[in-house]
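Data first, discussion second: the structure below is written as structure tokens.
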Amino acid sequence: MKLRTILASLAITLAGCVQAQPQNTVLLEMAQAFGQGNKARLAQLLPQAQGHALEPWAAYWELRARLDTATPEEVRQFLARFAGTYQEDRLRNDWLLMLGQQRRWDLFGQEYPKYRMNDDREVRCYALLAKFVQEGPASGGAIADEVRRNWFGLRDADEGCTAAAAALIATSTGPRRMTPADAWRKARQSIEANRPKAAAAALEIAHPDALPMLAELNASPTKFLTSRVVAASRVRREMVGLALIKLATTDSENAALQLENKWGPQVHPEERDWIWAVVGRQAAQRLNPEANAYFSKVERDKHLSDELLAWKVRAALRAPRGIDWGNILEAVNGMSDAAQAEPAWVYWKARALLGIGQSEGQRAEAQKLLESIASPRGFYEQLALDDLGLKVTVPPRPSPLTEEEMKAARQDPGLNRALLAISIGLRAEGSREWNYTTNLHRGGLLPDRELLAAAQFACEREVWDRCINTSERTRTEFDFEQRFPTPFRESVLRRSREIGLDPAYVYGLIRQESRFVMDARSSVGASGLMQVMPATARWTANRIGLSGFRVDQLTDRETNIAIGTGYLKLVLDDFGGSMPLAAAAYNAGPSRPRAWRNGATVEGAAWAETIPFTETRDYVKKVVSNATLYAAMFTGQPQSLKARLGVIGPRDSSQPVPNSELP
């Protein structure tokens with residue numbers, strides 16, 4: 001990291017405030033004290049941070065730690081002193097949450113219009129609740145859709161959206177108002193997601209007297225269902241539905257039997273459709289061949305959430321008699337407008353129309369859908385190119401950035417503070433300030449040219465994750481060199497050639513694993529450029545003959561590349577050269593993709609979309625599509641994503657036995 005260059009830039013930008021720079025250790029100590037909730041230590045250190053370029057962070061930590069006892073005047077003084085900074089709006093966000101919890105609508109109303117980030121659902125729910133309180137029940141219909149969307153979008157229990165939903169359900173009027181049915185739906189979502197607190201909060205709104213039954217069915221859904229004979233009332237039907245959902249999360253076959261033979265006729269059609277979909281989802285996540293049949297029992301897809309409909313598509317992709325294009329088309333058509341616009345579902349809808357192929361109109365619609373997303377930008381965009389008979393090529397670079405455009409980026413205070421924070425070890429704080437500056441400071445994304453200039457500023461400082469992530473947000477401009485940089489090129493290419501690995505595949509994997517951050521460390525302990533786990537590193541070092549290896553060497557670039565590529569080569573060979581299978585093994589361990597490949601042979605795109613783990617599914621798609629673009633750059637030749645995905649099915653008996661020692 002070019003710290004001196006960053007400090008020099010800050011000196012110009014922040015009017016010389018770096019000249020008497022306090023020690024960076026003060027900021028690091030304050031960050032640690034904030035994480036520990038040590039108010040006394042923060043107050044003690046704050047004077048020592050005065051004049052530091054990152055003083056806004058120091059002042060934020062000290063005030064945020066005692067925000068519950070701070071006076072409105074103290075908060076306003078902070079907001080005025082650091083006006084226009086990320087820290088100002090971050091504290092405003094925190095204060096608005098507290099004011100909402102305390103129902104101090106006068107202060108909330110004064111501050112909310114100044115809130116720039118507008119990315120906190122709970123703050124937005126408090127704003128809607130304040131509007132409802134001030135304008136009365138008649139306003140409930142106008143804000144119901146937004147409250148409902150935010151409430152359903154939060155997986156965990158929260159105070160703001162739950163309070164807004166409770167108020168609207170209790171007293172709002174009008175045809176679009178919220179009703180107890182919304183609370184029951186929230187309870188179903190929460191039980192399925194194993195969020196008992198959120199389920200209890202929803203049930204307290206829908207029918208508080210049923211809370212003891214909720215505790216009973218959470219403890220043992222089988223016992224709860226066995227002890228009931230009929231579901232005569234609305235409440236009893238809903239509680240039986242919740243018990244069946246809970247049962248389905250651990251035993252989908254038993255839940256299906258109970259629904260088919262006993263409870264199906266007794267529950268409401270919407271509840272029944274939801275339960276069948278949950279059973280189908282759980283079966284699909286276990287790659288149970290009955291999953292598609294369970295989803296086929298759903299009578300109205302409009303009763304389901306977008307998430308359940310996505311799993312209906314995945315179940316249809318692995319249907320035992322071949323892809324069920326009819327179910328895919330039904331599922332995508334049942335999604336919300338926003339979900340239908342996502343490239344994944346645009347692509348599979350187009351494929352379903354082609355798969356059914358009953359009319360010229362359907363084929364023309366499919367062609368139009370594919371053309372609407374076809375580009376090198378991502379997994380499904382590249383697949384659309386393949387289906388249109390085109391290939392992935394390196395797009396032309398945008399026109400060069402001007403000196404004025406780069407000067408504006410280099411002199412931006414928020415970007416400079418972010419880079420300085422990252423350079424001294426405050427990566428999380430620096431990344432948040434960078435993202436705020438590029439995404440939210442002006443109430444939305446910067447224009448494309450400003451995003452490209454900010455990305456280039458990060459590239460120049462070798463802060464590759466900010467470079468890539470910022471450039472990826474451009475809408476029409478596509479700078480390939482920013483989005484797909486090749487740091488450490490000599491080392492990666494040399495090592496890849498030595499062991500017979502495709503360097504494009506290696507770069508595609510590193511880009512997804514660490515964004516080329518050498519000291520990256522995951523929550524589970526993986527380290528370095530290629531995010532290698534300690535145990536895996538020791539095993540691989542022994543296999544490739546790297547003597548004297550120590551785990552602390554994983555942050556060394558050459559060592560990490562040697563071990564990461566060595567392990568990737570062993571995994572790729574174990575899976576017969578299949579890039580998607582090897583990527584899945586690198587992310588989730590080799591035993592899982594060995595199981596996931598069983599069943600009918602399917603095209604690689606369908607296999608990738610049906611990976612049960614969300615993280616691994618996203619990872620595999622990005623690694624292989626990254627590799628396709630890097631290959632286009634390295635070779636100068638058009639590339640096919642489908643060729644890299646291949647087809648995937650059970651291991652051929654002629655292939656070597658899997659390496660049981662592979663970690």
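The values are calculated or read from the model by the stated rules, or taken from the named source; none is laboratory data. Keep in mind that this is a model prediction, so the values were computed, not measured. A quick note on method: Cβ atoms are made from the backbone with ideal geometry, for glycine too, and the neighbour counts reach across all protein chains shown. Ligands, DNA and RNA are excluded from the accessible area calculation, which covers all protein heavy atoms including side chains. Shrake-Rupley method; radii C 1.70, N 1.55, O 1.52, S 1.80 Å.
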*asked:* Please compute the Kirkwood hydrodynamic radius of the chain from all pairs of different C-alpha atoms, in Å with one decimal.
replied: 27.9 Å
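Let me have the relative contact order for the chain, percent, based on Cα pairs under 8 Å that are six or more residues apart.
Details: 965 pairs, mean separation 61.1, N = 663.
That works out to 9 percent.
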_Give me the extension gain from Ile356 to Arg489: residue separation times 0.36 nm, minus the current Cα-Cα distance, reported in nm with one decimal._
43.2 nm
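Say R0 is 30 Å: what FRET efficiency, to the nearest 0.05, do Glu342 and Ala428 get from their beta-carbon distance?
Working: r = 28 Å, r/R0 = 0.94.
Step by step, r from the Cβ atoms, then E = 0.60.
From largest accessible area down, sort Lys131, Lys197; use a 1.4 Å probe on the protein chains. Kindly include the intermediate steps, with their values, before the conclusion.
Numbers: Lys131 70, Lys197 165 Å².
The most accessible residue leads, giving Lys197, Lys131.
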*Evaluate E = 1/(1 + (r/R0)^6) for Glu462 and Leu211, where r is the Cβ-Cβ distance and R0 equals 60 Å; express this FRET efficiency to the nearest 0.05.*
0.60
*Can you list the lysines whose alpha carbon sits under 30 Å from that of Lys368, skipping same-chain ones fewer than 8 residues off?*
Lys302, Lys312, Lys349, Lys391, Lys621, Lys622, Lys642
_Inter-part distance where the range 481-504 and the range 254-282 are each reduced to a Cα centre, Å_ = 51 Å
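On average, how much accessible surface per residue is there in the chain, in Å², for a 1.4 Å probe, leaving out ligands, DNA and RNA? Show your work: numbers first, answer last.
Values: 28100 Å² over 663 residues.
Using a 1.4 Å probe on heavy atoms only, each residue of the chain averages 42 Å².
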_Accessible-area ranking of Ile373, Ile468, largest first, probe 1.4 Å_ = Ile373, Ile468
*Tell me, in nm to one decimal, what length is gained between Ala600 and Ser399 on full extension, where the rule is 0.36 nm per residue of separation less the Cα-Cα distance?*
67.5 nm
*asked:* If you roll a 1.4 angstrom probe over the protein chains with everything in place, what fraction of the accessible area of the range 407-551 belongs to carbon and sulfur, to the nearest %?
replied: 47 percent
*asked:* Give me the extension gain from Ser640 to Ser220: residue separation times 0.36 nm, minus the current Cα-Cα distance, reported in nm with one decimal.
replied: 146.2 nm
*Take the solvent-accessible surface of the protein heavy atoms, probe 1.4 Å, and return the percent of it on the range 183-312 that carbon and sulfur atoms account for.*
51 percent
*asked:* How far apart, in nanometres, would the label points at Ser654 and Val230 be if each is projected 7 angstrom from Cα along the Cα-to-Cβ direction?
replied: 6.5 nm
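Based on the Cα atoms of the range 303-386, what semi-axes does the equivalent ellipsoid have, where each is the square root of 5 times one gyration tensor eigenvalue, given in whole Å with the largest first? List each step's numbers first, then the result.
On the way: eigenvalues 70, 50, 31 Å².
They are 19, 16, 13 Å, listed largest first.
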*Carbon/sulfur fraction of accessible area - the range 30-109, other protein chains in place, 1.4 Å, %*: 46 percent
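Over the range 289-328, what relative contact order in percent results from Cα pairs under 8 Å that are six or more residues apart?
Value for the range 289-328: 46 percent.
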*FRET efficiency, 1/(1 + (r/R0)^6) with R0 30 Å, evaluated for Asn38 and Glu615 via beta carbons*: 0.35
*For the range 277-422, what is the Kirkwood estimate of the hydrodynamic radius, computed as the reciprocal of the mean inverse distance between distinct Cα atoms, to one decimal in Å?*
17.8 Å
*Accessible area, probe 1.4 Å, largest first, for residues Thr476, Thr437*: Thr476, Thr437
*Express the relative contact order of the range 353-491 as a whole percentage, based on alpha carbon pairs under 8 Å and six or more residues apart in sequence.*
17 percent
